[in-house]
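What follows is a single structure, written as structure tokens, with notes after it.
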Amino acid sequence: MRIPGEDEYVAPVGFGVLEEDEYRVRIESWKPVNRVNQYNPNGEETIDFTLRPLAYADDDSENPEPLVGQDGIPISPEKNLMFFYDPRHLGTKPVVSRSRKFLAAALGVPATSPIEFDGYDDLVGKEILVGVTIKTDPTKGKKNVVNEVRPVRNKRQRPARQSVAQAAKEAFGEDVIDTPAETGSDDDLPF
């Protein structure tokens with residue numbers, strides 16, 4: 001039997017607390033909850049959505065950089081965030097509610113338009129962008145809180161732009177003459 005020494009242990013990967021930033025997340029699951037608190041004194045049913053952080057919001061690469069916690073240690077791939085959705089608060093006035101923004105972002109519709117869907121299972125697997133902050137609880141320590149939600153915008157590929165000279169050659173054919181600026185020679189310039 002062999003027990004590793006101190007220098008053989010790998011730094012722990014913890015669930016940790018994500019640093020305050022924006023993240024692209026996937027909705028993993030949902031469950032109804034009857035939680036009694038100051039915002040829901042009667043314990044009416046709300047929904048807890050489990051979100052899996054995938055990448056930083058501005059990371060569009062195929063291999064996103066690993067997510068790290070506020071302490072600089074990599075976050076476990078099993079790290080989840082919670083979004084507390086209240087179906088009683090889906091209004092648009094005076095501001096669009098967080099729960100309505102969540103639905104709209106997941107379904108890819110404007111937040112102020114009518115929203116139609118068959119059920120919360122329609123949201124599972126959808127990706128959204130969330131703003132994450134850190135909240136300190138005197139009894140539980142630090143934890144992440146989702147404070148903002150917005151849709152993932154798929155960037156459209158724009159066709160490569162042609163230079164003016166290339167467009168002129170296509171339009172006028174052989175009648176276009178290359179200028180020194182296009183050939184890279186300054187010898188023919190009059191000044």
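Taken one residue at a time, the phi angles of segment 52-57 give Karplus couplings (6.51, -1.76, 1.60, θ = phi - 60°) of 9, x, 9, 6, 5, 4 Hz. Gly and Pro are set to x.
The distance between label points at D59 and E45 comes to 3.7 nm (points 7 Å beyond Cα on the Cα→Cβ vector).
Please list log₁₀ I(q)/I(0) at q = 0.21 Å⁻¹ for segment 13-151, using the Debye equation with identical point scatterers on the alpha-carbon positions. Debye curve over Cα of segment 13-151, log10 I(q)/I(0) at q = 0.21 Å⁻¹: -1.39. Give me the net charge of R52's neighbourhood, meaning all other residues with Cβ under 9 Å from the Cβ of R52; Lys, Arg count +1, Asp, Glu -1. Charge balance near R52 sits at 0.
Over all other residues within a Cβ to Cβ distance under 15 Å of I134, the charged ones net out to -2, with Lys and Arg as +1 and Asp and Glu as -1. Working from label points 7 Å from Cα in the Cα-to-Cβ sense, the N37 to F172 distance is 6.9 nm. Sparsely packed loop sites in segment 12-50 (the chymotrypsin sites (Phe, Trp or Tyr not before Pro) outside DSSP H, G, I, E and B with at most 13 other Cβ atoms within 10 Å) comprise F15, Y39.
In segment 13-151, taking the dipole from charged Cβ atoms about the Cα centre, the farthest positive-side position among Y39, L103, P138 is held by Y39.
Read-outs: derived from the displayed coordinates by stated rules, not from any lab. These numbers were taken from a predicted model, which means no experiment stands behind them. Glycine gets a Cβ as well: all are built from the backbone with ideal geometry, and neighbour counts include every protein chain shown.
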